[in-house]
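The values are calculated or read from the model by the stated rules, or taken from the named source; none is laboratory data. Since this is a predicted model, take the numbers as computed values, not measurements. Heads up, the Cβs are rebuilt from the backbone with ideal geometry, glycines too, and the neighbour counts pull from every protein chain shown.
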Amino acid sequence: METIIQKALKRGQRVLSEYDSKRVIQSAGLAVNREKLAGSRKEAISIASEIGYPVVLKGCSDKAAHKTEMGLVKLNLGNAEEVAKAYDEITGKGVDLDGVLVGEMIRGDREFVLGLSRDPQFGPCVMFGVGGIFTEAVKDVTFRVAPITERDAGEMLDEIRLSKLLTAFRGKPAVDRRALVRALVAIGDLGYRSREIAEIDINPVIISGDQPIAVDALVVLQRTEEGESGR
Amino acid sequence: MSMSPAMKIHEARGVSDMEKFFNPSSVVIFGASNAKFNLGAMICKALRDAVQYPGQVYAVNSAGDDVAGAKGCQALEDIREDIDLAVIITPASVIPGLIQKCGARGIRNVIIESSGFSEKGEEGRKLQNEIDRLARFYALRIIGPNCLGVLDIERRFCCMYGAEEIVSVLVRHPGPVSYILQSGGVAELVGERLMDDRLGVNKMVCIGNKSDVNEADLIDYFDTDHTEVICVYLENVKDGRKLMRAVKKTRKPVLVYKSGKSEAGRAAALSHTAGMAQNDAVFDGACRQAGIIRLQSIEELHALPKMFTRMPLLSGNRIAVFTTSGAFGSVGADLLAGTNLVMAEFSDETKSRLSRIPGVFNAANPVDIGPAPPEIYLEIYNILLTSGEVDGMLHLAGMWRDFVQDVMQALVGFCRRQRKPAALYAYNSMGKLLAARQEKELPVFYTAEEAVRALEVSYQQYLYLDKKEEPLWKP
């Protein structure tokens, strides 16, 4: 994890690519969707059949913060032909890519956001809330100052207005609260420990069955000077 | 985290160096003179007349005149006796020089009331940095600048100007509530409202620009003195983690009203998280995490503390509403519905005990009674508070009959014995209510909303006490 961040900083990156961002949060203990980086059309098809259809293809780059708007995301691809077509379209956009992410398509009705930010007075703070495309419109989020206890994390889950989404909902099982609690605690620890991380955005975290799976992530970096406080 | 050596000395100093801000045996007022509208003179007058300060007061002015009982002198050097505290109310530009003199003389506590510092642009900021540097150099503690200073009712010290009238009333009833206020205006509001509500102030501090002493230092200090409830008004937080640590350490309720809710988040944030991490949302989470009771209005600063000083904590969420008006029964139930408290459900046994009492219109919750003698009130209180089905009471009664004050007083005693609180409100006879508050020290609230809030914050504190563990981070 350290090396991913160090390398990116050395290259002058402001953010980590989706692939690298997910590796960082995965090493902190969060569940992410199965995915691999493909360097060719052929490789993309082979990864897709290994993961199992349907799959998602995404152009992967630290310069692509708005992938959907840039046409770099192709969802719900059902066979090799569709994967090949999607691969060509993504690589044809003229964006400088690290490769194309071929990932497991996670389905679920409930989407949450987990995150980390730094407050000038309180330092690193963990966020939890309702995620997905309406995150900013709904604005149903809550914060705690990192690092946090499991109790803090549990309170966060109960504190959002739509906390009912975490219970059994429209025929879907109750969300595994312990998994979300562990994830929030891990994000807090990561932010408290790693001064190089300025912000983390994990959105959406889709509830698949009863398990939270991160399907997109963004880690924003900051340069730290010797002796400067991480807070 | 790197820290200059001077900084370390500063941080290492504890609550003991707060003592002389409140309990000095001698004080020098720089800038107190007999000129018209002189603020320093007002402080001398307040010390002599409003609190009858028992210590020695010196007034430093160019003429060396005595001021309102304070011994006059032209310079600090003219005073030979020991000085515990310096209060400065002079033009800002001469203050660094005065701090230097105080430091060299061995004075360790300074209150700077003058304005003209960081609140006043670049020049002011430079001046404030200069006094910060001097404070560290001489290891002295500073309250302010740009503040109204300190009031200690219990030990009769006051260096607030313009507060003489209020202070001379408050001083008659020392009590257990202490205030940390980042505004002189809020001090005036709170002080004035408390004149007719015998809450009992212990201390009040206006912290102004808080170049050195801040809310966390004072919470630490109030954790060690006779304070029972700590009320805070903040416009900004300097060191959020230090504040959280201080609150986590004390078991006394800490009530905070913070202004500046609408402050916008950092526009340059790259992630959604940072975009939504507005100052207020983070502060709100920090309050819940540390155990700060966040107040919803500035009036709650003076209205709610009595719930903590006069009543036991609410240790469960089941509330019985008692009323002499069906309307207020409904109002009470509606107000409770907006909180995490619930209307207590009565067992058949409780209901039948209530229904056997003459004059009870509704033997369920809310309990509604018609005209009845005092014994009936007392019997109902007894049934409700000993049923095991009720954690607290919301008492919404008319007070036009004189005995209602007496039964309310009996109820307060009963609540203390049963370790269950009642929030008291009267929907008529406001004059009697105010008299009852003053004479019988009844914790009566001004509105039904306030009474419900009182129950809510009492329960919040009860829940907070369960998680007063050390924070996970290092200081």
(message) Looking at B:PRO312 and the list (1) crowded, with 19+ Cβ neighbours inside 10 Å; (2) touching a helix residue (DSSP H, G or I) at 6+ places or on another chain (Cβ under 7 Å), which single condition is not satisfied?
(response) (1)
(message) Suppose we filter the range A:164-175 for residues that are surrounded by fewer than 16 Cβ atoms within 10 Å (Cβ to Cβ) and either hydroxyl-bearing (Ser, Thr, Tyr) or under 21 Å from the mean Cα position of the chain (by Cα) (or both); how many remain?
(response) 1
(message) The conditions are (1) among the polar types (S, T, N, Q); (2) buried (at least 22 other Cβ atoms within 10 Å of the Cβ); (3) farther than 17 Å from A:LEU97 by Cα, and A:SER21 fails exactly one of them. Which is it?
(response) (3)
(message) Of the conditions (1) among the polar types (S, T, N, Q); (2) without any contact (Cβ under 8 Å) to a residue 60 or more places away in the chain; (3) in a helix (DSSP H, G or I), B:GLN438 satisfies every one except a single condition; which number is it?
(response) (2)
(request) Please state which one of B:GLY97, B:GLY124, B:GLY175 is small (Gly, Ala, Ser) and under 28 Å from the mean Cα position of the chain (by Cα). (result) B:GLY175
(request) Please work out if B:SER33 is surrounded by fewer than 23 Cβ atoms within 10 Å (Cβ to Cβ), within 19 Å of B:MET160 (Cα to Cα) and under 26 Å from the mean Cα position of the chain (by Cα). (result) no
(message) Of everything in the range B:384-413, what is buried (at least 19 other Cβ atoms within 10 Å of the Cβ) and aromatic (Phe, Trp, Tyr)? Give them in sequence order.
(response) none
(request) Determine if the range A:25-39 includes at least one residue that is within 14 Å of chain B (Cβ to nearest Cβ) and either touching a Lys or Arg at 6+ places or on another chain (Cβ under 7 Å) or part of a helix (DSSP H, G or I) (or both). (result) yes
(request) Go through B:ARG417, B:ARG353 for me and flag whichever is of a type in the set (D, E, K, R), under 30 Å from B:GLN460 (Cβ atoms) and assigned by TED's automatic domain parsing to the domain that holds B:GLY329. (result) B:ARG417
(request) Of all residues in the range A:126-144, count the ones that are touching a Gly at 6+ places or on another chain (Cβ under 7 Å) and under 18 Å from A:ASP189 (Cα atoms). (result) 5
(message) Just to be sure before I move on: is B:ALA454 over 21 Å from the mean Cα position of the chain (by Cα) and either more than 14 Å from every other protein chain (Cβ to nearest Cβ) or farther than 26 Å from B:CYS287 by Cα (or both) in the structure I sent?
(response) no
(request) Within the range A:130-149, count every residue that is under 14 Å from the mean Cα position of the chain (by Cα) and either closer than 24 Å to B:GLY240 by Cβ or without any contact (Cβ under 8 Å) to a residue 24 or more places away in the chain (or both). (result) 1
(message) I'm checking my understanding of the structure. Among residues of the range A:131-147 that are surrounded by 22 or more Cβ atoms within 10 Å (Cβ to Cβ) and more than 7 Å from chain B (Cβ to nearest Cβ), which one is farthest from B:LYS474 (Cα to Cα)?
(response) A:GLY131
(message) From the list A:ALA179, A:ALA186, A:ALA174, exactly one residue is in a loop (DSSP other than H, G, I, E, B) and at pLDDT 95 or above. Which is it?
(response) A:ALA174
(request) Would you check if there is a residue in the range A:8-17 being assigned to a helix (DSSP H, G or I), over 18 Å from A:VAL113 (Cα atoms) and among the basic types (Lys, Arg)? (result) yes
(request) Please name all residue pairs, on different chains or six or more residues apart, with Cβ atoms under 8 Å, provided the first residue is in the range B:225-242 and is away from chain A (no Cβ under 11 Å) and the second residue is buried (at least 22 other Cβ atoms within 10 Å of the Cβ) and of a type in the set (Lys, Arg). (result) B:ASP225/B:LYS203; B:THR227/B:LYS203
(request) Hey, could you check the range B:193-210 for residues that are among the aliphatic types (A, V, I, L, M) and assigned to a loop (DSSP other than H, G, I, E, B) and say which is farthest from the chain's Cα centre (by Cα)? (result) B:MET195
(message) List the residue pairs whose Cβ atoms are under 7 Å apart, where the first residue sits in the range B:397-414 and is closer than 11 Å to B:LYS432 by Cβ, the second is among the basic types (Lys, Arg), and the two are 6 or more positions apart or on different chains.
(response) B:MET399/B:LYS432; B:GLN405/B:LYS432; B:GLN405/B:LYS440
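Matching residues to (1) β-branched (Val, Ile, Thr); (2) under 23 Å from B:TYR446 (Cα atoms); (3) away from chain A (no Cβ under 14 Å):
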{"position": "B:SER297", "(1), (2), (3)": "no, yes, yes"}
{"position": "B:MET311", "(1), (2), (3)": "no, yes, yes"}
{"position": "B:THR323", "(1), (2), (3)": "yes, yes, yes"}
{"position": "B:GLU349", "(1), (2), (3)": "no, no, yes"}
(message) For the condition assigned to a helix (DSSP H, G or I) and more than 16 Å from A:SER27 (Cα to Cα), what is the one hit in A:GLU155, A:GLU199?
(response) A:GLU155
(message) Being closer than 21 Å to B:ARG241 by Cα, at the interface with another protein chain (Cβ under 9 Å from one of its Cβ atoms) and buried (at least 16 other Cβ atoms within 10 Å of the Cβ): is that true of A:VAL126 here?
(response) yes
(request) Looking only at the range B:427-434, decide whether some residue is touching a strand residue (DSSP E or B) at 6+ places or on another chain (Cβ under 7 Å), of a type in the set (D, E, K, R), outside the structural domain of B:LEU243 (by TED's automatic domain parsing) and surrounded by fewer than 21 Cβ atoms within 10 Å (Cβ to Cβ). (result) no
(message) On the basis of being surrounded by fewer than 22 Cβ atoms within 10 Å (Cβ to Cβ), within 11 Å of chain B (Cβ to nearest Cβ) and either more than 21 Å from B:ASP284 (Cβ to Cβ) or in contact with a strand residue (DSSP E or B) (Cβ under 8 Å, 6 or more places away or on another chain) (or both), does A:ARG151 make the cut?
(response) no
(request) Can you tell me which residue among B:GLU188, B:GLU235 is surrounded by fewer than 19 Cβ atoms within 10 Å (Cβ to Cβ) and under 24 Å from B:ARG288 (Cα atoms)? (result) B:GLU235
(request) From A:ARG107, A:ARG161, grab the single residue that is in contact (Cβ under 8 Å) with a residue 12 or more places away in the chain, out of contact with any helix residue (DSSP H, G or I) (no Cβ under 6 Å at 6 or more places or on another chain), exposed (fewer than 14 other Cβ atoms within 10 Å of the Cβ) and within 14 Å of chain B (Cβ to nearest Cβ). (result) A:ARG161
